[in-house]
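Enquirer: Please see the structure below; I have some questions.
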């Protein structure tokens, strides 16, 4: 089975159209927003969709996203703890 | 009344080709939208990763304005007056499809025709007048009179105006920069003439 | 630039099908927002202002065949008809038709019914309205996100300035379609309760649908009190396509430009009709721009608590209500306003007041980073 970290990186690159990027380009602890990967508020909404679609996790409070989408590491931990599929 | 304004420069994108008043800027072997947009992006060495997140209409608008503003530097008050037939219908359909499973916020944001004006404003730092008109066909009369009014009332020192249409994968772009810089007189007739010159190959 | 006089108007909305009913509802504090359930889109109920279709058909059947037109078209046709009925001598050959809408007949994308595919095109919407009444000039369609309705008035004034037209009927209209509900839901922007502009506990927008129309002219009418559009300006934030500039820089710029064109200072503005969508960021950035413009003491309201956000119609509806406020010397309370929840002080109207207004400012902001400011002047004897 593919490592969750790599799987996440691949789906983020695809979902958020991060053209010309490879999973290896994203560090596990690298910040996803701001200076790191430079994602924005629409990307954050798209990540909320990704959590629901791929892992059956529904975030109802948009501010929750801020705490989860810190880095690939943080996202992976949250998914392990809360996934329903 | 003597014509005070001129079409300083113009650009057309259609059928896999980009050309301006002087030359063919880029021509690609296939005219299919996405490969063409990607090839044009690479050819122009745009290096603007946000480009890949945009919808087709915005990508076309960014390419066209990039070429115009590389040659003619934009001011923060350069106005944008665009028009088309299909509004954002191409992306509307994609968003509608997404709602069958998970409605996509990144598609929804592009379901307004004027988003491309926002994208161009961000890229070139324009804090200017915006208007997006929908008309069945290229409406030179409206573009001419609205643009001229913005210039005469000094709401904008120059205006990038024209047509930016995308439907069923077919694209038709004609933008021109209108200013006081002497060149082709800015008139309804000249707008029509340049727009209608079907893929006219410029001759040096 | 030329003056543009605001003449007869009409609003078709959940508050009523005439301008009088709409104003009376606002005066009495009655909202058109009701709890809606759309389980196929979201499990959460939400508030929206939706026009009762059977009531609409009943009213429309007096002027046309209900099955020949879409819901939005019927709303627009009813609004325009009311204006033409009051102006039977209006020469349609020299009257422009300007229609402002964000999504037009977008509901046909999912459920086309018996309508041909091209009916969802905005150009086709213009044709249907023009043909129904016999407008000769090609309709002008403005689709510029949530400033469209107000920009329609600016477009009329600018085209009048070029001498191309003397009169125009400006229409603003949009629907609460599944399309926009899905979209705003995916943005997590829908409030669970009726929206609460500028309030501390605001948590998003409520959608609404409406059609508004107004006759505008460069010729001053021979009546004693008249409202005149004396300034218009728009400016882009150049910041983000779906979120406003945090500091409201584009809105601030549009206000500065419009004050300059109208040759008045911010202290002379007696009333401010704000955009006030009740999202956290929108209302906050408006407060920043108003404060920086010296408008923190100017009485202001948002009408979104009455109508919801009617998208392309909103800024036109709000301009029309502003016109009546100025003519009747009455300021309407901002519905659902509780405790001020923005970082800069604002004078949000809590109760209806009688007050003379010489100049009013209308502002709007929308996706794509667009902002608009209009200044109206009351010309009374």
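Enquirer: Being modelled with pLDDT of 95 or more, closer than 25 Å to residue A:48 by Cα and facing chain C (nearest Cβ under 7 Å) is the requirement here; does residue B:115 meet it?
Expert: When the stated conditions are applied, residue B:115 passes them.
Enquirer: Only one of (1) farther than 28 Å from residue C:237 by Cα; (2) more than 14 Å from chain A (Cβ to nearest Cβ); (3) part of a loop (DSSP other than H, G, I, E, B) fails for residue B:73. Which number is that?
Expert: (1)
Enquirer: Does residue B:45 meet the test of being out of contact with any strand residue (DSSP E or B) (no Cβ under 8 Å at 6 or more places or on another chain) and surrounded by fewer than 24 Cβ atoms within 10 Å (Cβ to Cβ)?
Expert: yes
Enquirer: Could you tell me which of the residues B:82, B:132 is more than 7 Å from chain C (Cβ to nearest Cβ) and either out of contact with any strand residue (DSSP E or B) (no Cβ under 6 Å at 6 or more places or on another chain) or surrounded by 24 or more Cβ atoms within 10 Å (Cβ to Cβ) (or both)?
Expert: B:82
Enquirer: Which condition number does residue C:147 fail, the rest of (1) in contact with a helix residue (DSSP H, G or I) (Cβ under 8 Å, 6 or more places away or on another chain); (2) more than 11 Å from chain B (Cβ to nearest Cβ) being met?
Expert: (2)
Enquirer: Taking the criterion of being within 8 Å of another protein chain (Cβ to nearest Cβ), out of contact with any strand residue (DSSP E or B) (no Cβ under 6 Å at 6 or more places or on another chain) and surrounded by fewer than 20 Cβ atoms within 10 Å (Cβ to Cβ), would at least one residue in the range C:126-135 satisfy it?
Expert: yes
Enquirer: Among the numbered criteria (1) modelled with pLDDT under 95; (2) under 18 Å from the mean Cα position of the chain (by Cα), which single criterion is violated by residue B:7?
Expert: Among (1) modelled with pLDDT under 95; (2) under 18 Å from the mean Cα position of the chain (by Cα), the lone unmet condition for residue B:7 is (1).
Enquirer: If you take the residues of the range A:14-48 that are touching a helix residue (DSSP H, G or I) at 6+ places or on another chain (Cβ under 7 Å), within 13 Å of chain B (Cβ to nearest Cβ) and in a helix (DSSP H, G or I), which of them is nearest to residue B:109 (Cα to Cα)?
Expert: By that ranking, first place goes to A:42.
Enquirer: Now, a different point. Residues of the range A:42-58 being buried (at least 18 other Cβ atoms within 10 Å of the Cβ) and closer than 30 Å to residue C:245 by Cα, which ones?
Expert: A:42, A:43, A:44, A:45, A:46, A:47, A:48, A:49, A:50, A:51
Enquirer: Also: Let me spell it out: the conditions are (1) over 15 Å from residue C:302 (Cβ atoms); (2) in contact with a helix residue (DSSP H, G or I) (Cβ under 7 Å, 6 or more places away or on another chain); (3) within 14 Å of another protein chain (Cβ to nearest Cβ), and residue C:207 meets all of them except one. Which number is the exception?
Expert: For residue C:207, the failing item is (1).
Enquirer: A further question on this structure: Kindly indicate which of C:104, C:152 is at positive phi, within 24 Å of the chain's Cα centre (by Cα), crowded, with 24+ Cβ neighbours inside 10 Å and in the same structural domain as residue C:211 (by TED's automatic domain parsing).
Expert: Of the residues listed, the single one that is at positive phi, within 24 Å of the chain's Cα centre (by Cα), crowded, with 24+ Cβ neighbours inside 10 Å and in the same structural domain as residue C:211 (by TED's automatic domain parsing) is C:104.
Enquirer: Quick one: is residue C:305 touching a helix residue (DSSP H, G or I) at 6+ places or on another chain (Cβ under 7 Å), in the same structural domain as residue C:237 (by TED's automatic domain parsing) and either under 28 Å from residue C:180 (Cα atoms) or surrounded by fewer than 20 Cβ atoms within 10 Å (Cβ to Cβ) (or both)?
Expert: When the stated conditions are applied, residue C:305 does not pass them.
Enquirer: Still on this structure: Which condition does residue B:162 not pass, out of (1) on the phi < 0 side of the Ramachandran plot; (2) buried (at least 24 other Cβ atoms within 10 Å of the Cβ), if it passes all the others?
Expert: Only one criterion in (1) on the phi < 0 side of the Ramachandran plot; (2) buried (at least 24 other Cβ atoms within 10 Å of the Cβ) is unmet by residue B:162, namely (1).
Enquirer: Still on this structure: Looking only at residues in the range C:64-75 that are free of Cβ contacts under 8 Å to residues at least 60 places away in the same chain and more than 25 Å from the chain's Cα centre (by Cα), which one is farthest from residue C:311 (Cα to Cα)?
Expert: Here the answer is C:65.
Let's see how each residue does on (1) farther than 21 Å from residue C:257 by Cβ; (2) touching a residue at least 40 places away in the same chain (Cβ under 8 Å):
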| site | (1), (2) |
| --- | --- |
| C:294 | no, no |
| C:320 | yes, yes |
| C:342 | yes, yes |
| C:353 | yes, yes |
| C:356 | yes, yes |
| C:360 | no, yes |
| C:370 | no, yes |
| C:379 | yes, yes |
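Enquirer: To continue, here is another question. Go through the range C:340-371 and count every residue that is within 14 Å of another protein chain (Cβ to nearest Cβ) and not in a strand (DSSP E or B).
Expert: Residues in the range C:340-371 being within 14 Å of another protein chain (Cβ to nearest Cβ) and not in a strand (DSSP E or B): 3 in total.
Enquirer: While we're looking at this one, here's another question. Of all residues in the range B:89-106, which are crowded, with 21+ Cβ neighbours inside 10 Å and within 14 Å of chain A (Cβ to nearest Cβ)?
Expert: Selection gives B:91, B:95, B:99, B:103, B:104, B:105, B:106.
Enquirer: Given the criteria under 25 Å from residue C:84 (Cβ atoms), surrounded by 22 or more Cβ atoms within 10 Å (Cβ to Cβ) and away from chain B (no Cβ under 14 Å), does residue C:13 qualify?
Expert: Spelling it out, residue C:13 is indeed under 25 Å from residue C:84 (Cβ atoms), surrounded by 22 or more Cβ atoms within 10 Å (Cβ to Cβ) and away from chain B (no Cβ under 14 Å).
Enquirer: So, residue A:8, is that one buried (at least 19 other Cβ atoms within 10 Å of the Cβ) and over 11 Å from the mean Cα position of the chain (by Cα) or not?
Expert: no
Enquirer: Right, another one. Give the number of residues within the range C:52-92 that are over 30 Å from residue C:221 (Cα atoms), assigned to a loop (DSSP other than H, G, I, E, B) and touching a helix residue (DSSP H, G or I) at 6+ places or on another chain (Cβ under 7 Å).
Expert: 3
Enquirer: In addition: Among the numbered conditions (1) in contact (Cβ under 8 Å) with a residue 60 or more places away in the chain; (2) surrounded by fewer than 24 Cβ atoms within 10 Å (Cβ to Cβ), tell me where residue C:349 comes up short.
Expert: So residue C:349 meets the others, but not (1).
The values are calculated or read from the model by the stated rules, or taken from the named source; none is laboratory data. These numbers come from a predicted model, not from an experiment. All Cβ positions, glycine included, derive from the backbone under ideal geometry; neighbour counts span all protein chains shown.
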